[in-house]
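Structure record follows, encoded as structure tokens.
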Amino acid sequence: MGQGPALALLLAGPALSLPNMLVIRSVIGTRKTAVFVVLVVAMATISGVLFGAIVNQAISTSL
């Protein structure tokens with residue numbers, strides 16, 4: 001697994017666990033929880049892609 005996808009997994013994993021989502025839903029409601037899940041997935045994906053690109057660029061320039 002590349003470093004970018006690993007970062008995305010580590011960022012999104014704890015936030016999107018079932019017990020965590022159930023607690024969030026009970027506190028802020030179903031609709032806001034759905035928005036939270038979408039935002040976490042989107043931001044983790046963007047972070048993973050950017051981090052992967054930066055790391056790959058750093059590796060290719062150091063060779």
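Every number here is computed from the coordinates shown, using simple stated rules; none is lab data. Keep in mind that what you see is a predicted model, and the values were worked out from it rather than measured. Don't worry about glycine lacking a Cβ; one is built from the backbone with ideal geometry, like all the others, and counts go over all protein chains shown.
Under the rule of -39500 (n - 2.57) per DSSP H run of 4 or more residues, summed and divided by the residues of the chain, what mean residue ellipticity at 222 nm is obtained, to the nearest 500 deg cm²/dmol? Each step should come with its number before you reach the end.
Working: 3 runs with 57 residues, N = 63.
Using -39500 (n - 2.57) per qualifying helix, the result is -31000 deg cm²/dmol.
Going 7 Å from the Cα of Q57 toward and past its Cβ, which residues in region 1-29 have a backbone nitrogen under 20 Å from where you end up?
Residues 2-8 qualify, since their backbone N sits under 20 Å from the label point.
Helix 18-28 versus the longest principal axis of the chain: what angle, 0 to 90°, nearest 10, using Cα atoms?
60
Where Rh is the Kirkwood radius over the Cα pairs of region 1-49, the temperature 10 °C and the viscosity 1.306 mPa s, what D in µm²/s does Stokes-Einstein return?
Details: Rh = 11.1 Å.
So the translational diffusion coefficient is about 143 µm²/s.
Helix 30-62 sits at what angle to the longest principal axis of the chain, using alpha carbons and giving 0 to 90 degrees rounded to 10?
Long axis of 30-62 versus the principal axis of the chain: about 10 degrees.
If I fit a long axis through the Cα atoms of helix 3-15 and take the longest principal axis of the Cα atoms of the chain, what angle between them do I get, 0 to 90°, rounded to 10?
Rounded to the nearest ten degrees, it is 10.
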